[in-house]
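Sharing a structure here in structure tokens format.
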Amino acid sequence: MNTYTALLVDDESHGRRLLQKYISTYCHEIQVLGEARTVQDAYEKIVSLKPQIIFLDIALINETAFDLLAKFEQIPFEIIFITAYNDFAIRAIKLSAVDYLLKPVDIEQLVNAVQKAIARIEDKGTLRHFRFLMENLRHRDPLHKVALPTQEGYVFVEISRIIRCEAAGSYTQFYFSDRKPIVVSKGLKEYEDLLENHHFIRVHHSHLVQLNHVAAYHKGKASYVTMSDGTSVEVSLRKRDEFLHRLSQLRA
């Protein structure tokens with residue numbers, strides 16, 4: 001069994017002790033090289049110890065995890081974020097397909113996050129994920145890029161170029177203004193939640209559309225929209241009022 005090195009960064013000693021216990025008990029592939037409680041301490045230990053994985057609390061003493069990441073021109077290590085908050089930073093992390101754990105840490109989620117981090121180490125896929133994450137964090141309003149998981153790996157796209165998303169069982173098919181459709185290995189509900197602040201709306205149980213790409217709305221007993229790529233999408237009766245309200249707000 002291969003061994004992968006790690007650093008624990010958390011300003012709470014109890015959090016570090018508990019995480020160390022979970023890792024030693026359930027993640028036998030991980031060798032913890034050390035701990036840090038401040039941005040500067042973490043930076044110095046990363047430079048000297050060169051860990052492959054950082055377990056990184058977002059809120060540190062008077063600073064954040066992103067202050068630490070800003071010190072590196074490149075990110076040659078995997079990061080698993082740990083936080084007690086579900087806020088803007090978590091949305092940016094989700095869009096960038098980077099792993100995070102909410103406190104209190106769930107053991108099953110910890111093991112899954114570690115396995116995915118190891119897979120990315122083997123695949124050398126770290127740098128692009130974190131470049132997207134840092135770009136999203138720099139553009140707080142709105143977040144503007146998303147990493148989409150496919151069978152071949154991740155595809156990184158501008159949110160503004162997504163026209164619509166269509167449910168395909170437990171998968172989602174994305175349609176774009178500048179590329180061929182992509183099938184993504186996650187359900188439509190997850191992207192409805194993730195993209196809700198980006199002018200996306202569920203107009204039908206199978207369809208999520210971006211309002212900026214709605215070219216026309218056709219009234220009638222069976223109303224529908226024409227999208228910017230010429231496709232038609234039904235607007236269900238249950239979703240019609242919300243859709244018209246959101247559309248009028250956007251174009252006011």
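Name the one entry in H198, H204, H213, H245 that is within 28 Å of Q151 (Cβ to Cβ) and out of contact with any helix residue (DSSP H, G or I) (no Cβ under 8 Å at 6 or more places or on another chain).
Values: H198 fails: out of contact with any helix residue (DSSP H, G or I) (no Cβ under 8 Å at 6 or more places or on another chain); H204 fails: out of contact with any helix residue (DSSP H, G or I) (no Cβ under 8 Å at 6 or more places or on another chain); H245 fails: within 28 Å of Q151 (Cβ to Cβ).
Matching residue, one of H198, H204, H213, H245: H213.
Pick from H207, H199, H245, H218: which is touching a residue at least 24 places away in the same chain (Cβ under 8 Å) and more than 24 Å from F88 (Cβ to Cβ)?
Details: H199 fails: more than 24 Å from F88 (Cβ to Cβ); H245 fails: touching a residue at least 24 places away in the same chain (Cβ under 8 Å); H218 fails: touching a residue at least 24 places away in the same chain (Cβ under 8 Å).
Answer to the check: H207.
Shifting gears a bit: List the number of the failed condition for K145; all other conditions in (1) modelled with pLDDT under 90; (2) of a type in the set (K, R); (3) loosely packed, with under 13 Cβ neighbours inside 10 Å hold.
(3)
Here is a follow-up. Go through the stretch 202-212 and count every residue that is within 16 Å of R246 (Cβ to Cβ) and not in a strand (DSSP E or B). Steps first, please.
Applying the first criterion (within 16 Å of R246 (Cβ to Cβ)) to the stretch 202-212 yields 202-204, 207-212.
With the extra rule that they be not in a strand (DSSP E or B), the set shrinks to 211-212.
Residues flagged as within 16 Å of R246 (Cβ to Cβ) and not in a strand (DSSP E or B) within the stretch 202-212 amount to 2.
Within the stretch 156-171, which residues are modelled with pLDDT under 95, assigned to a strand (DSSP E or B) and more than 19 Å from S236 (Cα to Cα)?
F156, V157, E158, Y171
Tell me, yes or no, whether the stretch 169-182 has at least one residue that is in contact (Cβ under 8 Å) with a residue 12 or more places away in the chain and closer than 19 Å to H245 by Cα.
Taking the stretch 169-182 first, the residues in contact (Cβ under 8 Å) with a residue 12 or more places away in the chain are 170-172, 174-179, 182.
If we keep only those that are closer than 19 Å to H245 by Cα too, we end up with none.
No, that holds for no residue.
Applying the selection to the stretch 183-215, what residues are aliphatic (A, V, I, L, M), at pLDDT 95 or above and open to solvent by less than 40 Å² (accessible area, probe 1.4 Å)?
Passing the criteria: I201, V203, L208, V209, L211, V214.
Checking the conditions here, which among A215, A222 is of a type in the set (A, V, I, L, M), over 19 Å from the mean Cα position of the chain (by Cα) and assigned to a loop (DSSP other than H, G, I, E, B)? If you could, list the steps in order and put the result at the bottom.
Numbers: A215 fails: assigned to a loop (DSSP other than H, G, I, E, B).
Every option except A222 fails the conditions.
The values are calculated or read from the model by the stated rules, or taken from the named source; none is laboratory data. This is a predicted model, so every value here is computed, not measured. Note that each Cβ is placed from the backbone with ideal geometry, even for glycine, and that neighbours are counted across all protein chains shown. Accessible surface areas use protein heavy atoms only, side chains included; no ligands, DNA or RNA. Shrake-Rupley method; radii C 1.70, N 1.55, O 1.52, S 1.80 Å.
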